[in-house]
1. Surrounded by 15 or more Cβ atoms within 10 Å (Cβ to Cβ) and at positive phi: is that true of B:Gly140 in this structure?
2. Against the condition within 14 Å of another protein chain (Cβ to nearest Cβ) and in a helix (DSSP H, G or I), how does A:Ser68 come out, does it pass?
3. Please tell me if A:Ile378 is assigned to a helix (DSSP H, G or I) and either outside the structural domain of A:Val545 (by TED's automatic domain parsing) or crowded, with 19+ Cβ neighbours inside 10 Å (or both).
4. Can you give me the number of residues within region A:345-375 that are in a helix (DSSP H, G or I), touching a residue at least 12 places away in the same chain (Cβ under 8 Å) and under 51 Å from the mean Cα position of the chain (by Cα)?
5. Step by step: first the residues of region B:150-180, then only those that are of a type in the set (S, T, N, Q) and either in contact with a Pro (Cβ under 8 Å, 6 or more places away or on another chain) or surrounded by 23 or more Cβ atoms within 10 Å (Cβ to Cβ) (or both), then the one that is nearest to B:Trp50 (Cα to Cα). Which residue is that?
6. Which residue, of A:Gly55, A:Gly21, is over 30 Å from B:Tyr34 (Cα atoms) and assigned to a helix (DSSP H, G or I)?
7. For A:Ile100, all conditions in the list (1) in contact (Cβ under 8 Å) with a residue 24 or more places away in the chain; (2) more than 14 Å from chain B (Cβ to nearest Cβ) hold save one; what is the number of the exception?
8. Identify the single condition in (1) more than 14 Å from chain B (Cβ to nearest Cβ); (2) surrounded by fewer than 18 Cβ atoms within 10 Å (Cβ to Cβ) that A:Glu126 does not satisfy, given that it satisfies every other one.
Amino acid sequence: MNLKNLSIKRKLMLITMLTSGLAVVLSSAGFLSYDLISFRHSLSQDLMTQAEIIGYNSAAAMAFKDESAATVTLSALQAKEDIVSAVLYTRDGKVFAQYIHANTRRPRLPAPPPERGYRFEGSYLEVFRDVSLNGELVGTLFLQSDMRQWNSRARRYASIFLSFVLISGFIALLVSSKLQKLISGPILHLEDTMRMVSATKSYEVRATKFYGDEIGRLIDGFNTMLSEIQQRDTAFHHANDELKTRTLQLEGEIVHRKEMQKELLTAKHAAEDANRAKSAFLANMSHELRTPLNAIIGYSEMLEEETHELGKVENIKDLQKIQGAGKHLLSLINDVLDLSKIEAGRMGLHLETFDISQMIDEMVTTLHPAISKNSNTIQVHLAEDLGAMRADITKVRQILFNLLSNASKFTDHGTISVDVDRSTEEDQDWIRFRVADTGIGITAKQKGNLFQEFTQADVSIARKYGGTGLGLAISYRYVRLMNGRISVESEPGQGSVFTVHLPAKVTTEVTEAAQTEKINDLPAATIETKSNMDTILVIDDDSVVRDLMSRFLTRLGFHVVAAASGEEGLRLAKQVNPLVVTLDVIMPDCDGWAVLNKLKADPELSEIPVIMVTVVDNETMGFELGASNYLIKPVDRDRLAVLIEKHRAARSSTLTNAKASPASRHNVSPKKGSGGSKGTITANGKVTVPLT
Amino acid sequence: MRKVGLLIAITCLLFSMAVGGHAEGLDSSDSSEYLIKAGFIYNFAKLVEWPSTAFAQQDSPIVIGILGDDPFGGTLDRIVADKKINGRGLVVKRLRWGKDVKDIRECNILFVSSSEKEHIDNVVDAMKWLPVLTIGDAPGFAKRGGIVNFTLEDNKVRFEVNVEAAKRADLTISSRLLTLARIVQQVPADGKALQ
């Protein structure tokens, strides 16, 4: 068993026993060995005395060489049990007389050694002594003792020693087993207490303090520790209970929240459903609204032109009012639709590279009537290095259109200026459009929600100036869509300055430019020579549209072939090989997408540009299927004219090395006034715009 | 003390030279017998106490007289030469009966040679009251009133002591000597009790 792991009780007893035993053994061994040594010394002294007597008694015998007398003298040693042998040597070392004890088995008779005195030889004590007579040396006496007294004394001592050690050890055991409790008792009690505490986990238990010694202090410390633990335990339990309560509360809350979440989810689904229904409704409505508007605007335009030709000037104003109201309604519908598309994130970018100054020119020309309506003048400053930019031209145009029409709307007898320049910021080329006016301006308060939808600076403004209030909101969103920014500086009564920054090269994730490039990059080799340069195929199931388109295009000098269905359109396309095809989407049986697909799949027809003219607002789909342009009904006829003219120019330039006469370009230039424009369209289509 | 030690050593040497080798061969040689006897005489001197009156002074020598023919040769002289017993030296004198009367009376030890057999009674009678240790070398000397007498037993030199004679002579003989001696009673030569 490992000594170190003994219990304290045993250790204490062991220590006591060992210590006392060692003390007893050492002291008695010291005492006994001292006694034995001194006894041995006294023995030797005794033997010396003995030798002296014997020597004295035998000196005369030796002097008179009387061996028998000497032998008799030596024989007297018989009484001494321990003397085993005695020898008398003459002066010259010869044995003179000797005595050997009867019990001695093998006496050892040494030659007389040179020195006198006693010595311990083995287990014998030997004495050599001079024998002299009246101071004269006569011989030497040798006495040999077996020290039996010493031996018996040593034996006796050994037994005494042993019994002494045993008895004292026993007594020490008794005493220590009683006394060790002084120390081990409290420790064992402490241990018991600790075991009880750890077993039952009850911290109310306290160890009893017996004495004021170190163990007592240890017990005090232990008790203090226990109280501390008890306190903490209580606190812990308390906290735990609280935690449990709170957890329960939380769980209840979670359940409640989950229920609420479910309800919310249901509500959300409902809302989404409602939203979808709303979108569908809007889409339907827009279709339903545009179709009649198409007719109203188209026919009022036709009527105006015809009335003009007939010279019934008094009716023209009325017709123009009908036309203006129709267009306003159309722009309202378009704005609402655009906004809802942007909100739904379905507004994509249709990127193309275009010349900025050309675009500005067109804009100004188009907007001139609106600008000059309030007796405003326009100043255009274009930087020389403007060049081209790559962006969604439709949206850029709409942004500028909104800004300019706002400026002209809120300015009276003032100046509207347009500044465009190019700058470089953060390794990127930026185009800055700056539209300034000297109008009523905007207050700081109004600036805050200027770009929010359906908000105009003032409710009264709507009444006075009209408008949907969506223009800036849409502009703002378009600018953001193209990674640009728009800002405004204004003082009430001092006019406003709107600044739009757009990247010179707008990028999007989806590249849709490839198809649009076709307009400018049509390869010459694929152009068919037999192409009928004046024929335009109109495919639309709506007879009103067919009628309007025919009349409008015919007026522009084109030969129009109309088809009421997709099948018919495809057949006619092969027959007439038109310059351009205008294609509606929603048609019975074979819809516009199918027709477009088939057109592009047919190698003979795939080169013919297709302009989608539809109420379906899905430009992306159109461009993906290979359409060249996408126009939403009711058709902006000016824009349509421009597009067709572009296609024709592209074709004729590649075909006939620019044989087309410049005049023909002017013939079809669709510079037409709109909504009370002061410009007039001449019979051959020429436009005169009073630029101030 | 050193001198004494040296002296003893020389004495031992001389003694051993004189005694050595011959001590036990007494049987044939007279000289070895008398060598032993000479040693005995010296030893007697050690074990006998004289009354203080026997010496004139504290350090007066012990005088050994040889009465009659000297059987020792120079042996006795050699043995006692330079010896001291109780502070006294030893002197050997050769004496003749009837001639050196005064010297005889002043001896401390008187060896009566065997040559003086006829004078034994006279000598004994003359020395009777004197503190002189008389030593005889003839049978019956002690019985006839001498104090010590040499005998031969088993070829060994032994001696007889007449204790009464010693007492008469006021000599104290050590018991150690007496234990070795054969004690004899005085027997008058003429058969009469000595008075």
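The values are calculated or read from the model by the stated rules, or taken from the named source; none is laboratory data. This is a predicted model, so every value here is computed, not measured. All Cβ positions, glycine included, derive from the backbone under ideal geometry; neighbour counts span all protein chains shown.
1. yes
2. yes
3. No, not satisfied.
4. The total comes to 5.
5. By that ranking, first place goes to B:Asn162.
6. Unique residue meeting the criteria: A:Gly21.
7. For A:Ile100, the exception is condition (1).
8. Of everything listed in (1) more than 14 Å from chain B (Cβ to nearest Cβ); (2) surrounded by fewer than 18 Cβ atoms within 10 Å (Cβ to Cβ), A:Glu126 misses just condition (2).
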